[in-house]
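Below is one structure; the comments refer to it alone.
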Amino acid sequence: MKHQIRKLNFWIVLGVDLLLLVAAHLLAYVIRFDGAVPREHLANISVLYFLLPAKLLLFHFFGLYRGMWRYTSLSDLVNILKACVVAGFMTLSAILLLNRFSGFSRAVFVLDALLTFLFIAGFRIGLRISCQSAFCLPFLQDDACKRQRRRRLLIIGAGDAAEKITREISSNQALPYMVVGFLDDHAAKIGQQIHGIPVLGPIADISEFVFKTKAQEVLIAIPSANRDQMQRFVELCRTCEIPFKTLPGLGEMISDRVSIKTIRDVSYKDLLGRPPVRLELDQIGKIMAANTVLVTGAGGSIGSELCRQIVRFHPATLILMDASEQNLYQIEMELLHEYGFRDYVAVLGKVQDKTLLESLFSHYRPTVVFHAAAYKHVPMVEGNPWEGVYNNIFASKRLMEVSLRYGVERFILISTDKAVRPTNVMGATKRMTEILMQGFCEKARSAGAGTRFMAVRFGNVLGSSGSVIPLFRRQIELGGPVTVTHPDMTRYFMSIEEASQLILQAATMGEGGEVFILEMGTPVRIGQMARDLIQLCGKEPDTEIEIRYTGLRPGEKMYEELITEGEGIVKTGHEKIMVLRGNAASLEDLHESLENLKRFASTHDAEGIKAELVKVIPEYTAQVSGSVLPKG
């Protein structure tokens, strides 16, 4: 039935085109001779028998009958213009060759071409307007043309993003929105229109305009908004007591694509307000494209986002390695079905497995290795320090050994700000891993190998496993209380997308042995973060949702640092990346401590592990805290 309707539509439009072509030619004569067409020229109208088929064939050639008329665009109008110009040129050339225009008026055919364009283009535009208005032509009605009950949408911002969203909404009647106005603080925009919809006034007057337009929802369409601006927008929206959403920041949107699909609820990373990352895409492409890339911990927060970013650069093979079956399956399905990327290998296993690593490197020969697998939960590792030693130190050492042996070009260790002046086992093991990385770098240089070892150190990422935000959200859903360790505790935060993009950027800059540090901005008070999240969920802190302070947990410190005293910090060519250069210990100097750590870990000797880590990392302040097992 649908096929028959489409066929009927074609014939109806074709019939209208024929009538318009005839009308254009006749009107050309009327205009040329001021309404009094001489008798001798009336016979020339018979040229339509040849002109009509020629024009219809050209229309078909230029694709005028292959498009969907309700989506007529500028490109369709250009095709109509091309067809009319070619038809006019061919007609003039044919008559010139046949009788050198004896008895014909050249002006008639020029006017015919012009009127043909105006009539055909006007008809197509009329079809589009009819489908986007409150009524549809009966022969063009379908599900997309049927008027639906749509939500009245007020948009904050009157820039490019707002224009693209409005254009998409207006061209697709199936979307459940109807834009009723824009708000913007630029005085020059107020009173102007976007696609016929007015810019009503400043954002501060949102409550007034929500009432006047009867808006049912608000969209914040300013992807470049900073932290202070987003906090202001959110506070203003909350006073209107209607739902509000936002577009993701520029750092989240690949290639700056804006679409109705990108609309989502406001999240804490919007309030974080970090500017988009500048990436040297050509440099990243050189080390990623057509190469084999291995990501350990590929199912984790950072590892999975690294994979999403890496596939943009079309590696020959992406090796996903993770010890968690569920996490590995999720990132595998996401890359396959959402990104359409098939050149991957999912390896289920632990980095500690020496035999697995040997087989993996021997068979696939990775060129670049991102080592994101680690135990990172501070209190958990504090209670199980031997696992931190096995997973963070010895697994990393084993991966570096096999990377050096098989000629990996770049090895990037994902580190943490907790490695700076550590007060917990997790931070100490990560600092130990940084020292090992620099030791392997010296070994590679001594052996004349080409492997470049480097580390990237940064603070907390929003929404990662073990992050406070998922915990806070769950506590808010349950009605509270929201538990905060201390009112003065601060942490550095960045989004997962930003961290992963900067890791890729840093990977292009390393010559070997560097510890890159990412610019983390201003530290955030965890107590204030809890308050912001409660408000984002539409609740009031302290009254509707209690905030309860519980005290520091084992291994935690009040403030995190990014640089240890004595480390030399040097700026790089990227404004968000710095590099730390310190004195690297040789692997021979670390041999005895590594053997001791292995022995203490095998006997679950938590105090022995901490004491040995203090010997290697003098700035480590070990805390007296009980482990889950007594010394074996």
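Results, tabulated for the structure shown:
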{"read-out": "Calculated from backbone phi, Karplus (6.51, -1.76, 1.60) coupling profile of segment 355-366 in Hz, x at Gly/Pro", "value": "5, 4, 4, 4, 5, 5, 6, 5, 7, 9, 6, x"}
{"read-out": "Those trypsin sites (Lys or Arg not before Pro) in segment 163-218 that DSSP places in a loop and that have at most 13 other beta carbons within 10 Å", "value": "Lys214"}
{"read-out": "Cut-off under 5 Å, modelled amide H: who pairs with Val524 long-range", "value": "Arg491, Tyr492, Phe493"}
{"read-out": "Sites matching GluC sites (Glu not before Pro) across segment 329-384 that sit in DSSP coil, with at most 10 neighbouring C-beta atoms within 10 Å", "value": "Glu338"}
{"read-out": "Other-chain or far-sequence residues with amide H under 5 Å of Ile194's (modelled H)", "value": "Val199"}
{"read-out": "Size descriptor, Kirkwood hydrodynamic radius, that averages inverse alpha-carbon separations across segment 337-428, Å", "value": "14.7"}
{"read-out": "Of Lys576/Lys615; Lys286/Lys418; Lys354/Lys418; Lys539/Lys576; Lys350/Lys615, pairs whose Cα-Cα distance is over 30 Å", "value": "Lys576/Lys615; Lys286/Lys418; Lys539/Lys576"}
{"read-out": "Selection of chymotrypsin sites (Phe, Trp or Tyr not before Pro), segment 320-369, meeting DSSP coil and at most 16 other Cβ within 10 Å", "value": "Tyr339"}
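Every number here is computed from the coordinates shown, using simple stated rules; none is lab data. Because the structure is a prediction, the values reported are computed rather than measured. Because the Cβ atoms are built from the backbone with ideal geometry, glycine has one as well, and the counts that use them run over all protein chains shown.
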